[in-house]
Amino acid sequence: MIDQINTHVRASEGELDTLHRLVAMLISNELDRANIRANQNPDDPAKAVSPQLISQALKFLKDNGVSAPAGSKVVEDLAAQLTDLDLDAEILSGMTPN
């Protein structure tokens, strides 16, 4: 059994680069599609970009050492939105009285 395991050939660097590029393209394409659905249906929470997809994209970027430049307007805008977000109100608005 061990002899069989040792005979496996590892993927070449080019093959791994291709796989990495394909994963990046798939995530990017899915984000584009999700964003289009969300923009076409802004009042439908079911059409919003899923937190799971956002998390996958962020993990991919982090794992690859990609970060936003310091002072990025997009990051500053996101930080401002997060600061203004009242999570208690968001949670309470989704609750129904018994």
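Specify the residue that is surrounded by the fewest Cβ atoms within 10 Å (Cβ to Cβ); the eligible residues are those in region 45-67 that are outside any helix (DSSP H, G or I) and hydroxyl-bearing (Ser, Thr, Tyr).
67
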Q: State yes or no: is residue 73 open to solvent by 100 Å² or more (accessible area, probe 1.4 Å), on the phi < 0 side of the Ramachandran plot and modelled with pLDDT of 80 or more?
A: yes
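The values are calculated or read from the model by the stated rules, or taken from the named source; none is laboratory data. Model, not experiment: these values are computed from the prediction. Neighbour counts run over all protein chains shown; Cβ positions are idealised from the backbone, glycine included. Side chains included, ligands, DNA and RNA excluded: accessible areas come from the protein's heavy atoms. Shrake-Rupley method; radii C 1.70, N 1.55, O 1.52, S 1.80 Å.
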